[in-house]
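Here's the structure we're looking at; comments come further down.
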């Protein structure tokens, strides 16, 4: 649904430009709400427009619907083009840096003539930024860190952005006559948090037909190369995609080779050499006898056959990083990785009570459609005004409302909160209110620039509360937008083990927090884990595979994640966290 993403991006950029121009907060927020609504759609916006349903989308009125129709018809949006033309060029580039919002970008341009990242970096390094109004040394240092992060991410996109693009393209090609096998490969198959480009492998009796379908797909904005068995294109989402058609006898070898990682492949090739074999993208070969005999392919049709011929069980793609997976496979110690189907319920969901788009009833119905046994409503707590945090008195009313819903909705609806952790580690609601909830997620949403020691102490103190069940998005990062705050993750993991607090793997595509290496650390030290989508709409409940993919990269098994438990077992875990029975269950 690349058009959804493109339209959401245009609306978000219009909001930024309106903010630079000092327009009313109402107009700015209208475009930002519209961007979130379009991005969160679970249906192609073109299909919604075709049936005349655009104004049924929350936040989309007649004027915005007309702009969507215009974009679908022409690929442009005149409101955006006219607005962008009224501002100096380069401001959008500056706003890629997390510390540079619309007003700061304009300030930098007006006072220092800055319009590129290089100019911004030079001015920051020279100490010129701190001399501007509302700036200072700390802001200048944060800008330099932000520039470094933008450059690290250059050419790569978050997994949550790339995965649906790849899935849509694969499904389009799967139905081309003659296609027998098809799979995405590369880092997207390994579920890495960022993706450079898309690799797709196909077997087909009609490669020319597949290449035609690939290079003329509606998602393609530029054809870089078109060959008989390999083509490369640029998609309108900004990603490069490469398609290869291989013979069936080599499909497994090619899939293994192009899935990677490079380090894993090198280790496998070295293993093959020690066994007197040769491994490449065409197969696993036994060399000829040197007297004119040809090399003989001993495996290649399937990935499992490649690994089996090397004396190993098949290794899941998410583990292929040369981080001990080959040794574990050889010793029969590969984990039985968690699957999406193992998830029995959602433990982190927001509704229209705070900053979510949908009601409790709608979220519950979506959870039923996903086959879940339970869903927990965890709206923001009272001090987070920007997210319309729920006042304590209102939360008491919500508790009563939610506990009357389960029988009527056909799913267990639990009531909880995503409770802010204050700067001193205390929680945002009183103890008696927290004690009446089914589940408490404690999260940091403010004061990100604390020292490593202070942030660690803040988080650990919150985890030591008898009321906290889950630590939400434990490092606070936003992929491509904000680095993790300074925190001793080992100390946090040890506190999780000691207190029985589950650490969240937040599946929101902009977070994926904990990251895979921290997940593995937590797992190895025996910490409990929870996978939550942090959904702010029904559609976002579908983010769960991103969290499961991150868990798999961390070698996690289903038994180590609390929301793989049936409801009765989950209640028991929550009610006896850390071995201290809590009467509220």
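Points to keep in mind about this one:
- Breaking point among (1) in contact (Cβ under 8 Å) with a residue 60 or more places away in the chain; (2) out of contact with any strand residue (DSSP E or B) (no Cβ under 9 Å at 6 or more places or on another chain); (3) closer than 25 Å to residue 365 by Cα, for residue 435: (3)
- Within segment 383-401, none of the residues are under 22 Å from residue 530 (Cα atoms) and not in a loop (DSSP other than H, G, I, E, B).
- Of everything listed in (1) out of contact with any helix residue (DSSP H, G or I) (no Cβ under 7 Å at 6 or more places or on another chain); (2) within 19 Å of residue 192 (Cα to Cα); (3) in a loop (DSSP other than H, G, I, E, B), the single unmet condition for residue 263 is (3).
- Within segment 386-413, the set of residues being surrounded by fewer than 23 Cβ atoms within 10 Å (Cβ to Cβ) and under 25 Å from the mean Cα position of the chain (by Cα) comprises 386, 387, 388.
- Filtered residue count, segment 170-196, keeping only those that are surrounded by fewer than 19 Cβ atoms within 10 Å (Cβ to Cβ) and on the phi > 0 side of the Ramachandran plot: 1
- All positions within segment 371-381 that are touching a strand residue (DSSP E or B) at 6+ places or on another chain (Cβ under 8 Å) and surrounded by fewer than 19 Cβ atoms within 10 Å (Cβ to Cβ): 373
- Test: residue in segment 421-441 that is over 21 Å from residue 563 (Cβ atoms), crowded, with 20+ Cβ neighbours inside 10 Å and under 25 Å from the mean Cα position of the chain (by Cα): yes
- Taking the criterion of being outside any strand (DSSP E or B) and either under 10 Å from the mean Cα position of the chain (by Cα) or closer than 13 Å to residue 469 by Cα (or both), the residues of segment 516-535 that qualify are 527, 528, 533.
- Scanning segment 37-91 for residues that are at pLDDT below 80, in a helix (DSSP H, G or I) and under 28 Å from the mean Cα position of the chain (by Cα) turns up 39, 91.
- Within segment 459-498, the residues that satisfy the criterion of being assigned to a helix (DSSP H, G or I) and buried (at least 20 other Cβ atoms within 10 Å of the Cβ) are 459, 460, 462, 463, 492, 493, 495, 496.
- Some residue of segment 246-254 being touching a strand residue (DSSP E or B) at 6+ places or on another chain (Cβ under 9 Å) and part of a loop (DSSP other than H, G, I, E, B): yes
- Residue 573 passes every criterion in (1) more than 22 Å from residue 412 (Cα to Cα); (2) in a helix (DSSP H, G or I) apart from (1).
- If you check 488, 428 for being touching a residue at least 24 places away in the same chain (Cβ under 8 Å), assigned by TED's automatic domain parsing to the domain that holds residue 507 and in contact with a strand residue (DSSP E or B) (Cβ under 8 Å, 6 or more places away or on another chain), only one passes: 428.
- Residue satisfying condition, being closer than 30 Å to residue 507 by Cβ, assigned by TED's automatic domain parsing to the domain that holds residue 93 and part of a helix (DSSP H, G or I), within set 123, 148: 148
- Residue pairs meeting the criteria (Cβ under 8 Å; at least 6 apart or on separate chains; first in the same structural domain as residue 349 (by TED's automatic domain parsing), in segment 390-401; second assigned to a helix (DSSP H, G or I) and surrounded by 14 or more Cβ atoms within 10 Å (Cβ to Cβ)): 390/398; 392/433; 395/433; 396/433; 401/360
- Complete set of residues in segment 419-442 that are touching a helix residue (DSSP H, G or I) at 6+ places or on another chain (Cβ under 9 Å) and not in a loop (DSSP other than H, G, I, E, B): 419, 421, 427, 433, 439, 440, 442
- Among (1) part of a loop (DSSP other than H, G, I, E, B); (2) under 21 Å from residue 470 (Cβ atoms); (3) out of contact with any helix residue (DSSP H, G or I) (no Cβ under 7 Å at 6 or more places or on another chain); (4) at pLDDT below 95 - the single one residue 352 does not satisfy: (2)
- With respect to being closer than 30 Å to residue 553 by Cα and either touching a helix residue (DSSP H, G or I) at 6+ places or on another chain (Cβ under 6 Å) or assigned by TED's automatic domain parsing to the domain that holds residue 98 (or both), residue 171 falls outside the description.
- Segment 29-57 - residue that is surrounded by 14 or more Cβ atoms within 10 Å (Cβ to Cβ) and touching a residue at least 40 places away in the same chain (Cβ under 8 Å) and, of those, farthest from residue 161 (Cα to Cα): 46
- Close pairs (7 angstrom Cβ cut-off, 6 or more residues apart or separate chains): under 14 Å from residue 236 (Cβ atoms) in segment 1-21, at pLDDT below 80 and in a helix (DSSP H, G or I) anywhere: 4/39; 5/39; 8/39
- Tally of residues being touching a strand residue (DSSP E or B) at 6+ places or on another chain (Cβ under 7 Å) and either free of Cβ contacts under 8 Å to residues at least 60 places away in the same chain or more than 17 Å from residue 174 (Cβ to Cβ) (or both) across segment 213-234: 14
- Matching residues in segment 13-28 - criterion: being surrounded by fewer than 18 Cβ atoms within 10 Å (Cβ to Cβ) and at pLDDT below 85: 21, 22, 23, 24, 25, 26
- Residues in segment 550-565 that are in a loop (DSSP other than H, G, I, E, B) and under 23 Å from residue 192 (Cα atoms): 3 in all.
- Qualifying residue in segment 319-328 (condition: touching a helix residue (DSSP H, G or I) at 6+ places or on another chain (Cβ under 7 Å) and on the phi > 0 side of the Ramachandran plot): yes
The values are calculated or read from the model by the stated rules, or taken from the named source; none is laboratory data. From a predicted model like this one, the values you see are computed outputs, not experimental measurements. Virtual Cβ from ideal backbone geometry, glycine too; neighbours counted across all protein chains shown.
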